[in-house]
Every structure is written in C-alpha cells, then in structure tokens.
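Undergrad: Here it is, the structure, as structure tokens.
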Amino acid sequence: MKIDRLIGILSILLQKEMITAPELAERFEVSRRTINRDIEALCKAGIPISTIQGAGGGICITDGYRMDRTILTSRDMQMILAGLRSLDSIDGSSYYSRLMEKIQAGSSQLINGKESMLIDLSSWYKASLAPKIATIQDAVESRRLISFHYYAPSGESDRIIEPYYIVFKWTSWYVYGWCIDRNDFRLFKLNRMDKVLKTDKTYECRKAPLPDLSNEKIFPGNIKVRALFDRDVKWRLVEEFGPDCCSETDEGRLLFEADYTDMDNLITWLITFGEKVEVIEPKEVRERIYETAKAICKTYERV
C-alpha cells in the first residue's frame with residue numbers, strides 16, 4: 001500500500017544522509033516515477049525534502065529539519081520491532097513483517113541484531129483466530145457492522161455490533177463494540193465467536209470510550225473464598241494470583257483468600273485441584289463441590 005511505502009521512505013530518510021531515487025525504487029520494488037510521486041506527496045505533507053542533482057547527489061531531508069537520531073536509541077528500535085513481531089504472531093498476513101523490513105532498512109545502525117525480547121500473542125486457536133482479527137480490523141477501518149454467533153455462559157445468541165477496538169487481555173483476544181441487541185457497549189471473546197462476517201451496512205462512528213479493562217470492573221469480587229491447599233500446588237496459585245495470594249499455616253498447608261465473581265467458574269477451578277484443596281468458606285461452595293464429587297463418583301462407579 002502507498003501509505004506503507006511512504007512510511008518506509010520517511011524512515012530511511014530520517015536515518016540516512018542521502019539516498020538516490022533508483023535505490024529507493026529497487027528497495028520498494030516500484031518504478032522511479034512512483035518514487036518521485038511519493039517524494040512529492042511527502043513534500044505536500046510538510047516534510048522538507050531536498051533533491052541534489054549530479055554525482056554524489058540524491059534525496060535527503062533538508063538540513064536543520066532532520067530528526068536527531070538520538071531521539072530513537074537502539075533499545076527504542078528493539079522495543080518497536082518486538083511490538084511489531086508480537087502483532088505478526090497473530091496476523092494472518094505478512095503486513096507487520098513488511099513494515100518491520102521497512103523500518104529496519106533505514107535503521108540498521110540502531111539495530112544490533114540481538115533480539116532480547118520475543119513476544120508471541122498467538123494461541124492454540126491461531127488458525128481460526130487470525131481470520132477473525134483480520135475481518136474485524138477491516139470492519140473497523142471501513143466502519144461496517146459485523147455479525148457473529150456467540151457462545152456465552154448464559155447461552156447462545158446471534159449478535160450484530162459496531163466494532164471499535166480489538167483487545168488482548170487476560171491471555172485472550174476480545175472485540176469491544178456497540179451491541180445492537182443490548183443497546184450498549186460490550187466486550188466479546190473472539191474464541192467464543194463463530195461465523196464472524198463483515199456486513200454491507202455501515203455505521204456512524206460513536207464517541208466510543210476506551211473499555212475499562214480493570215479487574216475490578218470486569219471481575220467484580222462478590223464471593224469471598226477461603227481454602228487450604230497442599231504445598232505442592234503453590235506454583236499454580238502463584239502463577240494465577242501472585243506470590244501474596246496465600247500464607248503458610250502451622251500445619252504446613254497454604255491458606256488462600258480471594259474474591260471471586262462467578263460461582264460456577266470458582267467451583268470448576270477448585271475441582272481441578274482434586275484432593276489437594278479443602279474449601280473453608282463459603283458453605284455453599286463446599287456443598288456444591290460435595291454434590292459434584294458425588295455425581296462424578298456415580299458416573300465412574302463400577303457396575
């Protein structure tokens with residue numbers, strides 16, 4: 001796309017003293033005439049570009065207007081590229097790879113080749129996730145409604161929304177938008193969405209607030225749980241809730257205290273620990289786990 005090429009050309013001009021039009025044409029695999037039009041477009045955008053004719057000449061940004069290279073350090077460039085790589089890990093196209101190449105092309109002296117930070121945002125569902133993200137991105141840019149079938153704890157439903165943001169949070173991807181059915185902004189988990197389609201219907205962009213993604217907002221704690229865990233599962237508690245989530249008792253067990261928002265999810269989570277956990281309170285959770293355990297035993301009891 002032209003905008004990608006313009007960004008690439010500008011990046012190179014900011015990092016090099018001089019470059020020729022044929023060099024740029026070869027690097028971006030376009031004609032010299034196209035490069036000349038791109039330079040003209042950059043000039044119209046207010047970038048003070050000069051062209052010097054003859055031997056040793058070329059294209060450069062006018063002296064006095066060049067960005068100081070110290071503004072972007074080697075570490076800055078590494079962080080920028082790490083961010084682009086993380087996006088490429090879930091993208092179905094090679095857009096971010098191409099953008100990285102353009103940035104690297106003009107910033108070689110700022111990139112030492114040693115990658116110290118690698119971020120992979122993909123999941124086990126990358127094959128199905130990437131097309132959804134691409135469809136939603138396209139819908140956001142073109143201001144088109146999207147439709148999909150949604151699987152929620154409360155049941156299945158068909159939804160139509162005005163998409164505004166694609167969100168990565170809590171190890172999962174979400175889309176945040178105005179739900180036509182609920183007449184309000186909602187957050188939908190991509191892995192629960194099926195048959196995601198960009199419709200032909202456009203929408204007027206609302207003043208969409210940034211989604212409040214704080215734990216207190218999304219997971220309001222209304223269930224006070226206290227439980228005793230065996231020490232050999234401490235790693236799981238620390239991984240999910242941090243090292244301060246539990247304290248050791250005189251008997252050597254771990255006292256866990258936390259606020260939970262969903263009873264069913266809490267019970268499902270506790271059951272995964274099997275006999276290595278004993279719930280102290282609330283009483284309702286103890287009773288639910290007891291009934292669940294009886295039902296499991298009944299399923300597996302020998303005839």
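Undergrad: Taking into account only those residues within the range 7-37 that are among the acidic types (Asp, Glu) and closer than 18 Å to residue 53 by Cα, which is surrounded by the fewest Cβ atoms within 10 Å (Cβ to Cβ)?
TA: Per the criteria, the residue is 17.
Undergrad: Could you check how many residues of the range 151-176 are touching an Asp or Glu at 6+ places or on another chain (Cβ under 9 Å), crowded, with 19+ Cβ neighbours inside 10 Å and at pLDDT below 95?
TA: Number of matching residues: 0.
Undergrad: Inside the range 137-156, can you point out the residues that are under 23 Å from residue 212 (Cβ atoms) and without any contact (Cβ under 8 Å) to a residue 40 or more places away in the chain?
TA: Residues satisfying the conditions are 137, 140, 154.
Undergrad: Residue 236 - would you say it is closer than 27 Å to residue 150 by Cβ, assigned to a helix (DSSP H, G or I) and at pLDDT 90 or above?
TA: Answer is no for this residue.
Undergrad: While we're on this one: Identify, from the list 173, 178, the residue that is in a strand (DSSP E or B) and closer than 15 Å to residue 133 by Cβ.
TA: 173
Undergrad: With the checklist (1) touching a residue at least 60 places away in the same chain (Cβ under 8 Å); (2) under 24 Å from residue 151 (Cα atoms); (3) surrounded by 10 or more Cβ atoms within 10 Å (Cβ to Cβ) in hand, flag the one item residue 264 doesn't pass.
TA: Residue 264 satisfies all of (1) touching a residue at least 60 places away in the same chain (Cβ under 8 Å); (2) under 24 Å from residue 151 (Cα atoms); (3) surrounded by 10 or more Cβ atoms within 10 Å (Cβ to Cβ) except (3).
The values are calculated or read from the model by the stated rules, or taken from the named source; none is laboratory data. All values derive from a computational prediction rather than experimental measurement. Note that we place each Cβ from the backbone using ideal geometry, even for glycine, and neighbour counts take in every protein chain shown.
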